[in-house]
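This report refers to the structure that appears directly beneath it.
The values are calculated or read from the model by the stated rules, or taken from the named source; none is laboratory data. It should be emphasised that the depicted structure is a prediction, and the values quoted were computed from it without experimental measurement. Heads up, the Cβs are rebuilt from the backbone with ideal geometry, glycines too, and the neighbour counts pull from every protein chain shown. Accessible surface is based on the protein model in full, side chains and every heavy atom, while ligands, DNA and RNA are left aside. Shrake-Rupley method; radii C 1.70, N 1.55, O 1.52, S 1.80 Å.
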Amino acid sequence: DAGVTQSPTHLIKTRGQQVTLRCSPKSGHDTVSWYQQALGQGPQFIFQYYEEEERQRGNFPDRFSGHQFPNYSSELNVNALLLGDSALYLCASSLGLGLDTQYFGPGTRLTVL
Amino acid sequence: AQSVTQLDSQVPVFEEAPVELRCNYSSSVSVYLFWYVQYPNQGLQLLLKYLSGSTLVKGINGFEAEFNKSQTSFHLRKPSVHISDTAEYFCAVSNTGNQFYFGTGTSLTVIP
């Protein structure tokens with residue numbers, strides 16, 4: 001049973017560029033949440049997708065957007081990259097919108113130069 | 001609004017000694033509390049969670065935590081640590097299960 005997978009594992013971009021990160025949830029899960037983890041910090045909630053809709057959003061600008069596909073996989077898009085967007089981006093999947101355990105993927109390390 | 005404070009950024013401890021990692025939270029509503037562990041270059045793994053009921057929660061790898069509502073704390077404990085417990089530990093709070101607020105983490109180093 002595959003767990004949460006994310007691609008790519010590492011990514012280097014320059015300021016002003018756009019990036020797309022991908023996440024496949026654990027088998028049987030239908031909810032995907034995205035987090036940003038800056039170096040030395042805890043994860044910060046970006047947003048959550050369920051039934052292809054954004055259900056909750058953290059305190060992130062509109063440059064951060066997402067999408068969920070019918071197969072429950074998800075993408076995180078970041079436009080107009082800033083140096084401060086450099087971080088580990090974590091995807092977590094769960095079942096439904098309740099208190100089901102969130103399973104995290106290994107993350108995508110984004111470096112903005 | 002909710003927030004989590006992890007009082008110790010780094011905790012060194014000798015192998016087979018007990019350890020306590022401290023976590024305090026702030027919330028105006030009922031909360032659910034979690035501890036996650038992150039090994040180098042890996043995602044987060046759930047250690048244990050408190051949703052309701054008994055305030056003493058047992059998790060994986062011999063860890064346990066106690067929910068103290070009056071002190072708004074959820075400290076993580078293990079009676080005897082192993083080298084393999086060296087990792088980053090995060091406390092998190094949620095009031096809905098949908099949006100989690102994480103602390104800044106505690107780096108546990110187990111010394112042989």
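Given 20 °C and 1.002 mPa s, how large is the Stokes-Einstein diffusion coefficient of segment B:21-74 in µm²/s, with Rh as the Kirkwood radius over Cα pairs?
My calculation gives 178 µm²/s for D.
Hey, what's the Kirkwood Rh for chain A if you take every pair of different alpha carbons, in angstrom?
Details: mean 1/r = 0.0720 Å⁻¹.
Computed over Cα pairs of chain A, the Kirkwood hydrodynamic radius comes out at 13.9 Å.
Would you mind giving the mean number of other chain beta-carbons within 10 Å of the Cβ of each residue in A:65-74, as a whole number? Display every interim value, and only then the final one.
Values: counts 0, 0, 0, 0, 0, 0, 0, 0, 0, 0.
Shielding by partners across A:65-74 averages 0.
Please identify the GluC sites (Glu not before Pro) of segment B:6-112 that satisfy two criteria: DSSP loop assignment and at most 14 other Cβ atoms within 10 Å. Which are they?
Details: sites: B:E15, B:E16, B:E20, B:E64, B:E66, B:E88; in loops: B:E15, B:E16.
Here the GluC sites (Glu not before Pro) that fit, given the DSSP loop and packing criteria, are B:E15, B:E16.
Over 16 Å apart: what share of the alpha carbon pairs of segment A:30-72 falls there, rounded to a whole percent? Mind dumping the intermediate values first?
Working: 335 of 903 pairs.
Looking at segment A:30-72, the distances longer than 16 Å represent 37 percent of pairs.
For peptide A:81-94, compute the average count of partner chain beta-carbon atoms within 10 Å of each residue's beta-carbon.
1
With just the Cα atoms of chain B, tell me how far they stretch along each of the three principal axes, in Å, largest first.
Projected onto the principal axes, the Cα atoms of chain B cover 42, 29, 22 Å.
Ignoring ligands, DNA and RNA, what accessible area per residue does segment A:68-108 give at 1.4 Å, in Å²? Intermediate values should be presented prior to the final figure.
Working: 1440 Å² over 41 residues.
Normalised by residue count, the accessible surface of segment A:68-108 is 35 Å².
In Å², nearest 100, what accessible area do chains A and B bury in total when the solvent probe is 1.4 Å? Intermediate values should be presented prior to the final figure.
On the way: alone 6080 and 6130 Å², together 10590 Å².
That pair hides around 1600 Å² of surface in total.
Considering the protein assembly as shown, what Rg and Dmax in Å follow from its alpha-carbon atoms?
Answer for the protein assembly as shown, Rg first and Dmax second: 17.5, 51 Å.
Pick out, in residue order, every one of the trypsin sites (Lys or Arg not before Pro) in segment A:10-54 that is DSSP loop and has at most 15 other C-beta atoms within 10 Å; say none if there are none. Spell out each step's value before the answer.
Details: sites: A:K13, A:R15, A:R22, A:K26; in loops: A:R15, A:K26.
Here the sparse-neighbourhood loop sites are A:R15.
Treating cross-link reach as a plain straight distance, find the aspartates and glutamates whose alpha-carbon is under 19 Å from the alpha-carbon of B:K78, omitting any fewer than eight places away in the same chain.
Cα-Cα hits under 19 Å: B:D8, B:E15, B:E16, B:E20, B:E64, B:E66, B:E88.
Which peptide among B:73-81, B:1-9, A:89-97, A:67-75 comes first, and what is the full order, when sorted by highest mean count of other Cβ atoms within 10 Å? Numbers along the way, then the final one.
Working: B:73-81: 18.8, B:1-9: 14.3, A:89-97: 22.1, A:67-75: 16.1.
Going by the mean number of other Cβ atoms within 10 Å, highest first, we get A:89-97, B:73-81, A:67-75, B:1-9.
In peptide B:44-52, how many Cβ atoms from other protein chains are near each Cβ within 10 Å, on average?
What the average comes to for B:44-52 is 3.
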